[in-house]
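Quick notes on the structure that follows.
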Amino acid sequence: MALSAWADTIRRGAAGAALIAIVVGGIGIGTYILFAADDQAATPAAPRTPPASVAPPVPAANEFTVGVTVTGRDCPQPQECLYTYTIEPKYIGVRPLPEQELQVHYRVSGGREPQDGTFTVRGREARFMKDVTVVGPAQATLTAAVLDVVKSPVFGPTLSTPPTPG
C-alpha cells in the first residue's frame, strides 16, 4: 500500500502542477492580449503623405466637340458661295483639364476643300479665330471634327531659381 500511496501523491502533484500551468498560461495570454492591444492603439501610425499631385493627362480628341455657326454667306455665282463661320468649341470630358495650355486641331468639312484649324485651351478658356471664310457649294452644311489634342510647346529660356543674396 505504501507504493500505491506514493503513486497517488505523485499523480495528484502532477495534476496540480498541470492545473497551475494551465491557469498561469491563461492569465499570461490574457494579459498579453489586453496590454498588447493597448500598446498598438497608443502608438500613433506614421503619418500618411498624400501622393504627389499628378497632372491630369491630355484629353483625347473625343472629349472635345466643335460646332460650326455660319455667320455670313455670299454667293456671287449660283453654284459657289463664300461662307463665313465661327467655331464653337466645347469640352465634354469628365476629367479636369491640365493647367498647361492645350492645342486642339480640328477640320471643317462641307466646303470645296476641308479646312484645318487650331484653337487653344487653358483652364476653362478657349481662344480661336472668328469669322473664318471657306468656299463651298450652295446649300453647304459645314461641320467640324477634332483631329487631336496636344500640349502647347513652351518657348523661351528655361527659368532657373535666382541666386540668394549673400
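The values are calculated or read from the model by the stated rules, or taken from the named source; none is laboratory data. Quantities reported herein were computed from a predicted structural model and do not represent experimental measurements. With ideal geometry, Cβ positions are generated from the backbone for all residues, glycine too; neighbour counts draw on all protein chains shown.
Would you kindly identify the strands (runs of 3 or more DSSP E) lying entirely within the stretch 77-140 that contain at least 2 residues that are crowded, with 18+ Cβ neighbours inside 10 Å?
Answer list for the stretch 77-140: 80-91, 102-109, 115-122, 132-137.
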Out of L102, L97, which single residue is touching a Ser or Thr at 6+ places or on another chain (Cβ under 8 Å), touching a residue at least 24 places away in the same chain (Cβ under 8 Å) and within 20 Å of N62 (Cβ to Cβ)?
L102
In the stretch 52-59, is there at least one residue being surrounded by 14 or more Cβ atoms within 10 Å (Cβ to Cβ), at pLDDT below 95 and not polar (S, T, N, Q)?
yes
